[in-house]
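Here the structure is laid out as structure tokens; the discussion comes afterwards.
The values are calculated or read from the model by the stated rules, or taken from the named source; none is laboratory data. Just so it is clear, the structure is predicted and the values come from calculations on it, not from any experiment. Here the Cβ is made from the backbone with ideal geometry for all residues, glycine too, and neighbour counts use every protein chain on show.
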Amino acid sequence: MEASNPYDRNPFERNPYAPSQATLKQSGPPSGQLNSRATAWRYRKMLVMVPETALPDRCIKCNAPAHEPTKERKVYWHHPAVYVLILINVILYAIVGAIVRKRAMVAPGLCAVHKKSHKMTVIAAWSVFALGLALMVVAIKTDGSATQLLSGFLLMLAAVLVGMIRGRIVQAHKIETTRVWLRGCGEEFLDSLPQLPPV
């Protein structure tokens, strides 16, 4: 008796080894939701990102390859209406601001050039602050002139302002549950990101 050919079967019989006919294409995200692949976008002059997402491994100032290691940083934000409390009491503003502020963790990359520039800015700010503090201490201990005391105070104030403005890599414009809005990125880096889709 001739052995049956295993390949001589009914063509309409289901082949268990045949590839699935089901499509492998996934439908896009529902209308109004963010693209499931992108986690960072550009909106005007700002970077918009999903909280705690990994940013592209590029310098956020010039878009050159980032110089490792990239440091993770905290950014804070509170509603602008809280600033009204400064007119009432600075201490009250500081307390309320610390309570209602929101926090996000970001890891903005910097190239070797911008990383060095940032480091020098921080060192310069602390040096000026220390100089101003020393002038004030000397003026108090030696019963120095009011001009010397004022000069020390102004140097300390200038150092704080430089540290806050020039020493920050990015600044939080707004922090939401699903998005973090950041200022301070360069045009080259922003141009490399997709535009924020409408929601």
Name the one entry in Met105, Met120, Met164 that is within 22 Å of Lys71 (Cα to Cα) and in contact with an Asp or Glu (Cβ under 8 Å, 6 or more places away or on another chain).
Met105
Yes or no: the range 106-120 includes at least one residue that is under 16 Å from Gly184 (Cα atoms) and in contact (Cβ under 8 Å) with a residue 60 or more places away in the chain.
yes
Suppose we filter the range 97-124 for residues that are closer than 22 Å to Ala40 by Cβ and in contact with a helix residue (DSSP H, G or I) (Cβ under 8 Å, 6 or more places away or on another chain); how many remain?
1
Within the range 56-69, track down each residue that is assigned to a loop (DSSP other than H, G, I, E, B) and over 16 Å from Arg168 (Cβ atoms).
Pro56, Asp57, Cys62, Asn63, Ala64, Ala66, His67, Glu68, Pro69
Listed residues Gly144, Gly132; which is touching a Leu at 6+ places or on another chain (Cβ under 6 Å) and not assigned by TED's automatic domain parsing to the domain that holds Val75?
Gly132
Name the residue that is farthest from Val170 (Cα to Cα), counting only residues in the range 102-122 that are surrounded by 15 or more Cβ atoms within 10 Å (Cβ to Cβ) and among the basic types (Lys, Arg).
Lys102
Name the single residue that is modelled with the lowest pLDDT among those in the range 31-76 being surrounded by 14 or more Cβ atoms within 10 Å (Cβ to Cβ) and over 21 Å from Glu188 (Cβ atoms).
Leu34
Among the residues of the range 77-96, the number that are loosely packed, with under 11 Cβ neighbours inside 10 Å and in contact with a helix residue (DSSP H, G or I) (Cβ under 7 Å, 6 or more places away or on another chain) is 0
